[in-house]
Structures are given as structure tokens and as C-alpha cells.
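Undergrad: Got a structure here, written out as C-alpha cells. Questions coming.
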Amino acid sequence: MTDADEAKRHKERTSRHKAVVDARIAAAQIDKGLLLVLTGNGKGKSSSAFGMAARMLGYERRVAVFQFIKGKQHVGERAFLERQPGLTWEVCGEGFTWDTQDRARDIAFARGGWAKACAALANPAISLVILDELTYLVTYRYLDIEEVMAPILARPPMQHVVVTGRAAHAAFEDAADTVSAIRDVKHAFRAGVRAQEGIDR
Ligand code: ATP
Ligand code: MG
């Protein structure tokens, strides 16, 4: 086959592929508030959620972040995003149970945080609600899954919600429009590297 033949074949193949992709894009006509679940043991759940916060702010829409469990830990996104108009950042936890060793206090923090999240989930002016590390509240039984799902499902129709955390309860995945389970292939921590600023926190 000559180079010209190969180029022609390539052009035919890519234009067929483009036609299929274009048809799929044309067929997707629905606009709706999405529920996204970012789970799995790999790195990249919260940072992906905060990436969507930045995207949404780029459209000058409002974002509310609720950071459950890990409030004490500093993350770089908070310092940056909190300065942006249109974004609120609520800390609803002090750390993991093994840090706090006070279950009653953890539950009180979680419940207080959840009540605030519920207000955001009822506010159509907020385009994106990020419920970071929410899955643990259900796993640790700080909140019932029904108590969590009801306000998420009853939210304004155009509001997007992102839930992050490992081992998401099946109810989150069942209700979600988009689910990504990030696979842990390798993590530098296991080679003895501590959390690096701007990458891990
Ligand atoms: P990130 O905030 O970096 O997107 P994440 O939300 O997916 O991470 P978490 O379980 O919330 O993951 O843990 C956050 C912290 O733990 C980060 O410092 C991250 O690098 C680290 N981490 C995430 N996954 C792993 C892993 N599989 N092994 C070791 N450390 C991890
Ligand atoms: Mg996280």
C-alpha cells in the first residue's frame, strides 16, 4: 500500500468515527442536574470534585463545598477556592475517628454539617454542591442512607451534586448519573513519600 492509499484509508476511518461521535453528541439533548459519585481507593476523588468547582465558578455560578470528616487537614484548594466569589466552604468534621476518638463528637459534627448541606440542597441558586467524603458518614452510621438520599433526590432539578469517598454505599451508585471508581494502581505513600503540598493536600 502506498503512503497515499494509507492516508486515504486513515481519512475514511477517522471520518466514519467522527460521524458516529457526532451522531451521539447530537442525540444527547438532555440538560439536568447530575449526581456524580467519585469513589474507589485510588487518588483523585476530592481533587476532581474541586476541579469541577473551578469549572463552575468559570461560569460565574454558585458552588457550596461541604468537607466532611477531614476538616482539620489543610488542603490547598480550600485556600484558593474560598477566595473566589460565589463559593462557600463548610468544614463539617475534625478528622477521622482514629484521630478524634470521640464518636459522639464526630456524630454531632456530621449531623450539624449535614443540616447545612440540606439547606444548600434546597437552594436553586447553588449550581453545584460538593459533598466531600460524605460516603464515610453512611459507612460509619453517623447518618442513615435514607436521611442522606432524600434531600439529594429532592434537590432543584438543575443543581449538580458531587459525592466523594471510598466504598460508596450502593444507594449512592444506584441513584447517580455518573459514577467513577478510581482504581489504586500505585501510590507514592507506599514508597514512603509523605503527602506533598499541591499534590496530595
Ligand atoms: P485527592 O484529594 O488527592 O483527590 P482522594 O480524595 O481520591 O485524593 P482520599 O481518600 O480522600 O483520596 O485521601 C486523600 C489523601 O490521601 C491525599 O493525600 C491522597 O494523595 C492520599 N491518598 C489517596 N489515595 C491513596 C492511596 N490509595 N494510598 C495512599 N494514599 C492515598
Ligand atoms: Mg478525598
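Undergrad: Does residue 182 satisfy the criteria of being within 16 Å of ligand 1 (Cβ to nearest atom) and open to solvent by less than 20 Å² (accessible area, probe 1.4 Å)?
TA: Answer is no for this residue.
Undergrad: Residues of the stretch 26-42 being assigned to a loop (DSSP other than H, G, I, E, B) and either in contact (Cβ under 8 Å) with a residue 60 or more places away in the chain or closer than 16 Å to residue 130 by Cα (or both), which ones?
TA: 31, 32, 33, 34, 40, 41, 42
Undergrad: I'd like the residue in the stretch 145-195 that is within 16 Å of ligand 2 (Cβ to nearest atom) and hydroxyl-bearing (Ser, Thr, Tyr) and, out of all such residues, is farthest from residue 50 (Cα to Cα).
TA: Among them, the one singled out is 180.
Undergrad: Now, a different point. Let me confirm something: among 91, 75, which residue is within 14 Å of ligand 1 (Cβ to nearest atom), touching a residue at least 24 places away in the same chain (Cβ under 8 Å), within 20 Å of residue 48 (Cα to Cα) and among the hydrophobic types (A, V, I, L, M, F, W, C)?
TA: 75
Undergrad: Next question, about the same structure. Looking at (1) at pLDDT 95 or above; (2) crowded, with 17+ Cβ neighbours inside 10 Å; (3) over 22 Å from residue 38 (Cβ atoms), can you tell me which one residue 115 breaks?
TA: All conditions pass for residue 115, except number (2).
Undergrad: Based on this model, can you work out whether residue 130 counts as under 18 Å from the mean Cα position of the chain (by Cα), in the same structural domain as residue 55 (by TED's automatic domain parsing) and farther than 22 Å from residue 30 by Cβ?
TA: yes
Undergrad: Still on this structure, please answer the following. Provide a single number: the residues in the stretch 174-201 that are small (Gly, Ala, Ser), touching a residue at least 24 places away in the same chain (Cβ under 8 Å) and in a loop (DSSP other than H, G, I, E, B).
TA: 2
Undergrad: Now, a different point. Tally time: how many residues in the stretch 43-55 are touching a strand residue (DSSP E or B) at 6+ places or on another chain (Cβ under 9 Å), outside any helix (DSSP H, G or I) and open to solvent by 50 Å² or more (accessible area, probe 1.4 Å)?
TA: The number of residues fulfilling the criteria is 0.
Undergrad: Could you list, in sequence order, the residues of the stretch 152-173 that are crowded, with 18+ Cβ neighbours inside 10 Å and not in a strand (DSSP E or B)?
TA: Result: 152, 155, 159, 165, 168, 169, 172.
Undergrad: Continuing with the same structure: Anything in the stretch 56-72 that is within 14 Å of ligand 1 (Cβ to nearest atom), basic (Lys, Arg) and surrounded by 14 or more Cβ atoms within 10 Å (Cβ to Cβ)? List them, or say none.
TA: If the condition is that a residue be within 14 Å of ligand 1 (Cβ to nearest atom), basic (Lys, Arg) and surrounded by 14 or more Cβ atoms within 10 Å (Cβ to Cβ), then 70 is the only one that fits.
Undergrad: Looking at this structure, is residue 121 open to solvent by less than 50 Å² (accessible area, probe 1.4 Å) and within 15 Å of ligand 2 (Cβ to nearest atom)?
TA: Answer is no for this residue.
Undergrad: May I ask you to list pairs of residues, at least six apart or on different chains, whose Cβ atoms are under 6 Å apart, with the first in the stretch 153-167 being in the same structural domain as residue 38 (by TED's automatic domain parsing) and the second being among the small types (Gly, Ala, Ser)?
TA: 157/33; 158/33; 159/33; 160/33; 162/49; 164/46; 164/49
Undergrad: Restricting attention to the stretch 85-97, does a residue exist that is loosely packed, with under 10 Cβ neighbours inside 10 Å and farther than 23 Å from residue 197 by Cα?
TA: yes
Undergrad: Is there a residue being assigned by TED's automatic domain parsing to the domain that holds residue 55, away from ligand 2 (no atom under 16 Å from the Cβ), open to solvent by less than 60 Å² (accessible area, probe 1.4 Å) and not β-branched (Val, Ile, Thr) anywhere in the stretch 135-144?
TA: yes
The values are calculated or read from the model by the stated rules, or taken from the named source; none is laboratory data. In this text, all values refer to a predicted model and were calculated from it rather than measured experimentally. Don't worry about glycine lacking a Cβ; one is built from the backbone with ideal geometry, like all the others, and counts go over all protein chains shown. The protein model used for the area step is the full one, side chains on, heavy atoms only, and it has no ligands, DNA or RNA in it. Shrake-Rupley method; radii C 1.70, N 1.55, O 1.52, S 1.80 Å.
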